[in-house]
Amino acid sequence: MGMPVRECSIANALSVVGERWTLLALREVMLGQRRFDQIAANTGASRDILAARLRKLVDHGVLEKVRYEEHPPRYEYVPTEAGRALQPILQGLMQWGDRYVTEGPAPTVWEHSCGAELHTKPVCEHCGGPIDSGQLTLVRLGGVPQ
């Protein structure tokens, strides 16, 4: 028997969305590519792996499979509330990749409705202050008060 594993919402989230093809499929859905063939073409995932990843996202309530054609039956993948809540996480991951991994200019650029190039930053929902480790105090870790 090994050591007990820390209870963690990051680990729980990664069990649903923490695989490469899952994240790339979500990228495509957020870009408006909702049909299986479009997602497969733009991610490069094999059809069987992609089908399994999309099924898992549907099973976990991240995407909804919606019929768009009756004969033959064809479906598209639409983000649920839980799926839409992943948009800022995907945006943050993209910005991190632009800054620390991708060489040269960012391959994808978004514009906000205000007209400026979109760059997000996490802030405290309560006060609007920036999030940085010097301003955080750990209250509970793995379900155990500190």
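The values are calculated or read from the model by the stated rules, or taken from the named source; none is laboratory data. As the structure is a prediction and not an experimental result, all values here were calculated from the model. Methodologically, a virtual Cβ is constructed for each residue, glycine included, from the backbone with ideal geometry; neighbour enumeration extends over all protein chains shown. Accessible surface areas use protein heavy atoms only, side chains included; no ligands, DNA or RNA. Shrake-Rupley method; radii C 1.70, N 1.55, O 1.52, S 1.80 Å.
Set the Förster radius R0 to 30 Å, insert the Cβ-Cβ distance between D48 and Q135 as r into 1/(1 + (r/R0)^6), and round the FRET efficiency to 0.05.
My answer for the efficiency is 0.05.
Can you give me the relative contact order of the stretch 1-99 as a percent, contacts being Cα pairs under 8 Å and 6 or more apart?
23 percent
Roughly how many nanometres apart are two label points built 7 Å out from the Cα toward the Cβ at C114 and R84?
Going by the 7 Å Cα→Cβ label model, 2.1 nm.
Over the chain, give the accessible area per residue in Å² for a 1.4 Å probe, as an integer.
Computed with neighbouring chains in place, this is 75 Å² per residue.
Could you work out [θ]222 nm for the chain from helices alone, using -39500 (n - 2.57) per DSSP H run of at least four and dividing by all its residues? Round to the nearest 500 deg cm²/dmol.
-12000 deg cm²/dmol
Looking at the stretch 62-122, which GluC sites (Glu not before Pro) are in a loop (DSSP not H, G, I, E or B) and have at most 15 other Cβ atoms within 10 Å?
Of the GluC sites (Glu not before Pro), the ones in loops of the stretch 62-122 whose Cβ has at most 15 other Cβ atoms within 10 Å are E70, E103.
If only Cα atoms are counted, what is the Rg of the chain, and what is its Dmax, in Å?
Rg, Dmax (Cα atoms, Å): 18.4, 58.
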